[in-house]
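Values quoted throughout were computed directly from the atomic coordinates according to the rules given, and no laboratory measurement underlies them. Quick caveat, the model's predicted, so the values are computed rather than measured. Note: ideal-geometry Cβ built from the backbone for every residue, glycine included; neighbour counts use all protein chains shown.
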Amino acid sequence: AHNNNGTVPTPLTNYLDTQYFGEISIGSPAQMFNVVFDTGSANLWVPSQSCSPFSTACFTHNRYDASKSWTYVENGTGFSIQYASGSVRGFLSEDVVVVGGIPVVQVFAEATSLSALPFVFAKFDGVLGMGYPHTAIDGITPVFDRIMSQHVLQEEVFSIYYNRDPKHSPGGELVLGGTDPNYYTGTFSYMNTREVGKWEVTMKGVSVGTQMMFCTESCTAVIDTGSSYITGPASSVSLLMKTIGAQQDESGYRVNCDGVQTLPSVTFRLGDQDYALTHEDYILWQSQIDGDVCTVTFRGLDVPPPTGPIWILGANFIARYYTEFDRRNNRIGFAAAV
Ligand SMILES: COCCCC[C@@](O)(c1ccccc1-c1ccccc1)[C@@H]1CCCN(C(=O)[C@H]2C[C@@H](N)[C@@H](O)C2)C1
């Protein structure tokens, strides 16, 4: 059931507000995979049937079997990608990939080795990069570019909704070719990408409460659908955490759940608008056996120059601000998510 812009929305699954992913198919007959739609990378990879049995992360996920697809085309070029944590190695293949009801002939990577950390914790199988073509490894044309060249989309944009409440489905939604008014209210505010070719914008300050504390001389903010959290330069984030009274532990920062209600907003100035996150948006409240744990969904991450220093606005930001990624005008739009 294609709606007017030639595509069907892709419902996303929300795993604990930290992993959001949706289903695509590869091959004929269709082999189904759950992938993260990731604006911070530009390649598609899924685990391979030919992955080594010693790669636990590969073995516990759906695997692409080229021998079972009559539209498979061999390529064989080596592939490897390195994330902030985690690496994937494999080789290239070509087959029909269906995203949002649109089939494209796509070069993608069959992963034959996945680093155990963090992929043993992945509830999804692979990653579908929604970044710009020049950031793609091996110069492969990304999926969204293949879709745009078919001229089936009403607008050359895609939009992402991440639900903040794991108990309600869908956990989110990807729309190719437009936006879904069911998931935002009010109008969009747009800002141009900093340079054509990356989903990043110029940020003009980060405030805690009413006090602007960071990025006061402007800095870069990456709008990254493939990040669970918000990251910033380690020194800034540690000062931010001290300001809100968070303690660092082995897995990040925590606050006492009793004090959550009094935590200040953290506000990001993007374009000429202020985007505030309240404790509702940046505290992950988990009820555990030995009591409630309140994790702060900020992480310190120092990205070396020339890319960094940068702030990365991930799922917890997008869950509050419905995001439209506009390839036609090289801009990003935000509207208040419902
Ligand atoms: C919203 O849903 C996000 C999916 C979870 C992302 C993630 O939390 C994750 C958790 C468990 C298992 C695997 C992965 C994961 C790992 C690599 C790729 C995709 C998902 C990533 C953990 C490591 C840091 N990080 C990135 O560098 C990410 C940053 C992003 N741009 C990617 O390129 C890599 C996020």
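Of note:
- Residue-count net charge about ILE140 - beta-carbon cut-off 12 Å; Lys, Arg +1, Asp, Glu -1: -2
- Spin-label zone in segment 186-214 - amide nitrogen under 15 Å from a point set 7 Å from the Cα of ASN330 along the C-beta vector: 191-202
- Residues CYS257, CYS219 arranged by fewest to most Cβ contacts within 10 Å: CYS257, CYS219
- Ordered by the number of other Cβ atoms lying within 10 Å of each residue's own Cβ, fewest first, THR10, THR225, THR243, THR18 fall into the sequence THR243, THR18, THR10, THR225.
- Using the Cβ-Cβ distance between THR307 and SER149 with R0 set to 30 Å, the FRET efficiency works out to roughly 0.60.
- Value at 222 nm in deg cm²/dmol, rounded to 500, when DSSP H runs of n ≥ 4 in the chain each add -39,500 (n - 2.57): -2000 deg cm²/dmol
- Estimated FRET transfer efficiency when R0 is 51 angstrom, pair GLU94-SER218 (beta carbons, to 0.05): 0.75
- The magnitude of the dipole of segment 178-335, with charges of +1 and -1 set on the Cβ of Lys/Arg and Asp/Glu and taken from the Cα centre, is near 460 debye.
- From least to most packed, judged by other beta carbons within 10 angstrom and beginning with the fewest, MET32, MET213, MET203 follow the order MET32, MET213, MET203.
- Model label points for SER28 and VAL293, set 7 angstrom from Cα along the Cα-to-Cβ axis, are 4.8 nm apart.
- Classification of segment 5-94 by its C-alpha gyration tensor yields an oblate form. The axis ratio a/c (a ≥ b ≥ c) is 1.5 or more, and b/c is at least a/b.
- Sparse-neighbourhood loop sites, GluC sites (Glu not before Pro) in segment 232-338 - DSSP loop, at most 15 other Cβ within 10 angstrom: GLU250
- Cα centroid separation, segment 241-295 to segment 133-157: 37 Å.
- Cα gyration tensor shape of the chain, rounded if a/c is under 1.5, else prolate or oblate by comparing a/b with b/c: prolate
- Inter-label distance, nm, simple model (7 Å from Cα along the C-beta direction), LYS167/SER85: 3.0
- Segment 280-338: C-alpha gyration tensor shape, a/c 1.5 cut-off, then a/b vs b/c: oblate
- Spin-label zone in segment 195-216 - amide nitrogen under 14 Å from a point set 7 Å from the Cα of LEU239 along the C-beta vector: 205-208, 211-216
- Modelled spin labels at SER115 and ASN62, positioned 7 Å past Cα toward Cβ, are 2.6 nm from each other.
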